[in-house]
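These notes are about the structure you will find just below.
The values are calculated or read from the model by the stated rules, or taken from the named source; none is laboratory data. Fair warning: this is a prediction, and the values are worked out from it, not measured in the lab. Every residue, glycine among them, receives a Cβ derived from its backbone with ideal geometry; neighbour counts consider all protein chains shown. Surface areas here come from the heavy atoms of the whole protein model, side chains and all, with no ligands, DNA or RNA. Shrake-Rupley method; radii C 1.70, N 1.55, O 1.52, S 1.80 Å.
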Amino acid sequence: MDIRLLRASDIPLIQHANLENLPENYFLKYYLYHALSWPQLSYVAVDVSRPQKSPYDYPKIVGYVLAKMEEEPADGVQHGHITSLSVMRTHRRLGIAEKLMRQSQLAMVETFGAHYVSLHVRVSNKAAIHLYRDTLGFKTERTESKYYADGEDAFSMKLDLDFIREQLREEEGGGEEKEGKESEKNAGKEGEEGENGEHADEGEPVGEVGRDPAKGGKGEQKIKVKVGRGLGVGELVEKVESKHS
Amino acid sequence: MTQPSSLPPLTPQLCFSTTALRDFLRLSRSAVDDTINQNLNALETPAKAGFDPTSTARLGPRPLSHQIDAASCNAFKDKVLFPSWQVRSDLISYCSLVATSPDPDDPERALREAENEKNWERVIDERLDPYSARYFPREARTEQLAHVLRQEMGANLFRTVIRHYEDKQYKRGLKAAEQILKKNPKHGDTMSMKALILNAQGKTDEAFALAKDALTIDMKSYICWHVYGILYRANKNFDEAIKAYKFALKLEPDSHQIQRDLAVLQIQMRDYPGYIQSRLLMLKSRPQLRQNWTALAIAYHLDGNLQQAENILSTYEKSVTTTPLRTDLENSEALLYKNSIISETGDFERALEHLETDCKNCLDRLAVMELRARYLAQLGRKEDAAKAYRALLDRNAEHPDYYKGLIDALGIAADDEAALKAVYDEYAAKNPRCDAAKRLPLDFLSGDRFRTAAKAYLTLMFDKGVPSTFANLKHLYSDGFKKDTLPVLAEEYLKEHSGATDTGGQTNGDSSKGEGAALYFLAQHYNYYMSRDLSKATDFVEKAIKLDPKNVDFHMTKARIFKHQGEIAKAAEAMDHARSLDTKDRYINSKAAKYQLRNNENEKALATLGLFTRAETVGGPLADLTDMQCIWFLTEDGEAWQRRGNLGLALKRYHTVFNIFDIWQEDQFDFHSFSLRKGQIRAYVDLIRWEDRLREHPFYFRAALDAVNLYLSMHEKPQNGTNGVEGGHANGDDAAEKKKAAKKAKKEAQKAEREAAEKAAKQDPNKKSADGDEVKKKDDDPNGLKLAATADPLGDAMKFLWHLLQFSPKNIEGQIAGFEVFIRRSKYLLALRCLKAALAIDKDHPKIPEQASRLRKALDGAMSSLAPKVKEVIDSELASVPGA
Ligand SMILES: CC(C)(COP(=O)(O)OP(=O)(O)OC[C@H]1O[C@@H](n2cnc3c(N)ncnc32)[C@H](O)[C@@H]1OP(=O)(O)O)[C@@H](O)C(=O)NCCC(=O)NCCS
């Protein structure tokens, strides 16, 4: 299997894999929202060995991790969140999920200065719990009762990412002689900045795009075209007066 | 906290100095009302509430993202908001009083009276000299004041209309609009706003009619034009919307808002020159915003002008005096974007230099490393390239391209198996958990080397009990030797390990490990199309099942074997049994449903899928799967209905797939502005380029081809008034049965609909604001009866066919279907074009001579009706097609 970064053209088959594997599903637009907000964080596993069926074959996605940064961290600490992870049953236990997760975690720290990554998992999901806790080192923060639509509880889990930060610092410090000094300086700097949790997610509220369609009520899901403030009808108001005055 | 507006001393002077009054009214609004949100945000203390994991929830209701504690909220309300409103309303009532009172102190009174007298004379003059300057009587200052106040209250009402509209409080919005219109029935802007609200309520026709009225009344109002554009946009007529926006802009050239709306539509419609124009204007009006520079660069870039795109980015960079922070993501991405533009020019030397200087601290480390490795390789700097690829492999040893890059850089010959293997071995040793390093050598190794490596790999996987081993290796089967060797190795493994599980030895009682895994591998081997021997496959799978009777994978493969034996019903049953062994896994659930669909059990399949769809979705599993854009189901369901002869439902499903692609195309809309804010420009460009070829996706192709073929068969065998329920392929006894089945299906569908409606009716009305939240448009043809009743199936087929031919021209099946449609519509040139395209794809396709001779015949028959020129062209073209 090929483990690589997600591309926009992968998304229909990622959505397909999600629909095959998990009960929590999303509109294509929600995947786009991930791919265009944090393109560094989502990865796919691709079966590159399938014979071509037509000139328009799309690489078969057998696993994916869809990840994001929390936009408004309640605790004020930059952190990542796993929105969805799954592997086709025909390709499980090959280590795919683990590797997808590790790539995503690394990018969370490098690109977005994440301090930890969080996720939810069904309390009955042995395979996933094994992966998160035993293989990747997540800790269970708490149990959330009736978290899932069908009434099942969730473990809310969390993995501290400082070990990656540590690794990066070491690597940069011990890098090639040429860049040695410079990167040491930078490593220090990054540490400081990291502490402030400072980073550059400066978008205005994302509005329509950013909503998790699995959440929230039906009515919201039906909105097709963004109207209203996005169109600046609000701005029209001041104009109305100046026009008549 | 914002300060409340304070009340200025209330004097008639204040009221009469209308500028001051107006300023006060405007400020008190913009400082308090318009910023309520901001003010509330400012009250928020993020850390106070502690970490709230539900904010990251995938399911369950989303809490308000801003939790402001009640005390500060109330304080804001009591100390700022209400007092400000009070002040304003006090002032307005005071000034109203002034305006309606006698005004003996009016300083202009004498003047006005004098003027009026003069005017008396002027009227006469005017008759003689109609071109003399117009005289407008001076208004009394009380009248002026009254005007301002009326306007303020009118504007307030108009604002209220807009507010309600934005908050989707449509009924209230309409009420406010009516209030204005009662006083001033010809207020174009209000009429327009009313139209906007009507449109949001789904009353599209009424909305357009009203908006048009508004325009005829007030052609000069940019609001009317803007709204007109918005209506068109909302109804997806983007070309007309662009026109309307352009009018609005002509009337109000300084409106950023309209300019932005126009720009977004232009890029959505891929009007690059227009987009460049708009972005130029936007940049000129706000050059201080980086976004505006980036956007213009994107416009040039997409239009193919790399040079100009780069220039724009550079110009901005030069204008910045402070060094951006290293953590400035927008900056980091803009630099990498520029680098991607340079690399598109093919100048890798310069791209590398730019990357190593400007981008060396970019936050997307992976991108920097990958680009660097690629440039080095392109430039032939092998040693550095090798180093760069090694660094990438240290990050991710599961990406075959990196090995390839490293091997190329090392200059290892393709047939030097030992040297190649050594590269992979190094990484296998470094990463014991790495799969690729162990497996990829199997691709190039041959003979004994292959045998040894394959044996080691199989042993490892079987010991671990990895059920996906076969899936991971089957691509090797294109090599005959490997195809023969792998099963032998698996048998060897079996011989060495058989019985081990019985003693519970090395496998810890997990029978999917060891022997079970090897048996499973062999079952899949004999089930695979390149090495198929279904009775052997059955043998092995039964042995495996005996070892572990509850193994889902084993039963799943058993079902697949049935399928290949043509035992569709047994296959469905077996897959459902596999499903029952792990009811928590949706994958096996999906497979069971798919097999039921293949067995034409639509209802059962839907029930199976319903075990995992969201229970609260109105309309049940079908609605959920449709909402969630579950293409595979819609397609398979449609195909099954078609086999059952229910053309209506079949068409319905194919059309649903078609509509989903429309949605996907529209989905990019919001990102034109969103991505500029987020600054992830490379990802955005990737999206735009993908959207351009969206409908080449096999998902589209399959459903569209199904639809075209179904329409073709409907054309051949017109329906006999059974509401499209009887199938094109139905014949004899079959037909009666199918009719019965379809009747039953229809009944069931109606029942489901009824239930859904009841459920919807029972829903808590408080959940949605009763006041006209977006209405889910009711589907007036849920069973596709109207679709099936079409009088022009070939015309309907065109909708699907155009996209097939446009986006997948190299797919021969599309061309063949295209020919069939065109020849029936007597479009001989188009038929010929499909035929020639098919010929270019596969000259030996059996359909080609057949179609060619039919075209020839058709032409001979149509001789008289064709223009001689056309006939000549077709003749000469057709001459080169075999069979014609
Ligand atoms: C959970 C899931 C993603 C794991 O994917 P995977 O690629 O098979 O996992 P990996 O091969 O990387 O395995 C990682 C670890 O988990 C273990 N594991 C995987 N499946 C397991 C199972 N069914 N039972 C016990 N352990 C399991 C592996 O043995 C490995 O452990 P190790 O580190 O001790 O060797 C996959 O089973 C899946 O897609 N399930 C359905 C969707 C789902 O539940 N997603 C998670 C939602 S939160």
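Remarks
- Computed from the C-beta positions of B:SER446 and B:LYS786, the FRET efficiency with R₀ = 41 Å rounds to 0.10.
- For A:THR140 and B:ALA840, the FRET efficiency from 1/(1 + (r/R0)^6), where r spans their Cβ atoms and R0 equals 51 Å, is about 0.25.
- Binned Cα-Cα distances of region B:590-641, short to long, each 5 Å bin given as a whole percent: 5, 24, 35, 25, 10, 1
- Fraction of accessible area attributable to carbon and sulfur, region A:2-167 (%, probe 1.4 Å): 50 percent
- Modelled spin labels at A:GLU171 and B:LYS810, positioned 7 Å past Cα toward Cβ, are 3.6 nm from each other.
- Label-to-label distance for B:GLN179 and B:GLU166 is 1.8 nm, based on points extended 7 Å past Cα in the beta-carbon direction.
- Treating r as the C-beta distance of B:ASP533 and B:ILE568 and R0 as 30 Å, the FRET efficiency rounds to 0.90.
- Per-residue ³J(HN,Hα) for region B:276-285, Karplus 6.51 cos²θ - 1.76 cosθ + 1.60, θ = phi - 60°, Hz, x for Gly and Pro: 4, 4, 4, 5, 4, 4, 5, 5, 4, 7
- Per principal axis, descending, Cα span of region B:542-672 in whole Å: 56, 34, 27
- For A:SER86, distant residues with modelled amide H under 5 Å away: A:TYR64
- Taking all pairs of distinct alpha-carbon atoms in region B:173-217, Kirkwood radius in angstrom: 10.1 Å
- If you take all other residues with their beta carbon under 9 Å from the beta carbon of B:GLY784, and give Lys and Arg +1 and Asp and Glu -1, the sum is +2.
- Each residue, B:ALA429 and B:HIS577, gets one label point 7 Å from its Cα in the Cβ direction; the gap between the two is 4.9 nm.
- With a 1.4 Å probe rolled over the protein heavy atoms of all chains, the accessible area of B:CYS359, B:CYS73 falls in the order B:CYS73, B:CYS359, largest first.
- Given their separation in residues at 0.36 nm each and the Cα-Cα distance between them, B:SER319 and B:ALA422 gain 31.9 nm when the chain is fully extended.
- Ratio of Rg to Rh for region A:2-167: 0.96 [Cα atoms; Kirkwood radius as inverse mean 1/r over pairs].
- Reduction of at least 10 Å² in accessible surface, 1.4 Å probe, comparing all protein chains with the chain by itself, residues of region B:693-707: B:ARG693, B:GLU696, B:HIS697, B:PRO698, B:PHE699
- Cross-link pairs beyond the 22 Å C-alpha cut-off, checked among B:LYS594/B:LYS652; A:LYS29/B:LYS212; B:LYS483/B:LYS570; B:LYS474/B:LYS513; B:LYS483/B:LYS550; B:LYS168/B:LYS236: A:LYS29/B:LYS212; B:LYS483/B:LYS570; B:LYS483/B:LYS550
- Using the 1.4 Å probe convention, the accessible area of region A:2-167 works out to 31 Å² per residue with neighbouring protein chains retained.
- Gained length - B:HIS475 relative to B:ASP692, 0.36 nm times residue gap less alpha-carbon distance: 75.0 nm
- Interface size, chains B and A: roughly 11500 Å² of accessible area buried, both sides included, 1.4 Å probe, rounded to the nearest 100.
- Here the Karplus curve 6.51 cos²θ - 1.76 cosθ + 1.60, taken at θ = phi - 60°, turns the phi angles of region A:30-40 into couplings of 6, 5, 4, 4, 5, 5, 9, 9, 9, x, 7 Hz, with x standing for Gly and Pro.
- Semi-axis lengths (Å, descending) of the ellipsoid that matches the C-alpha gyration tensor of region B:317-387: 23, 13, 9
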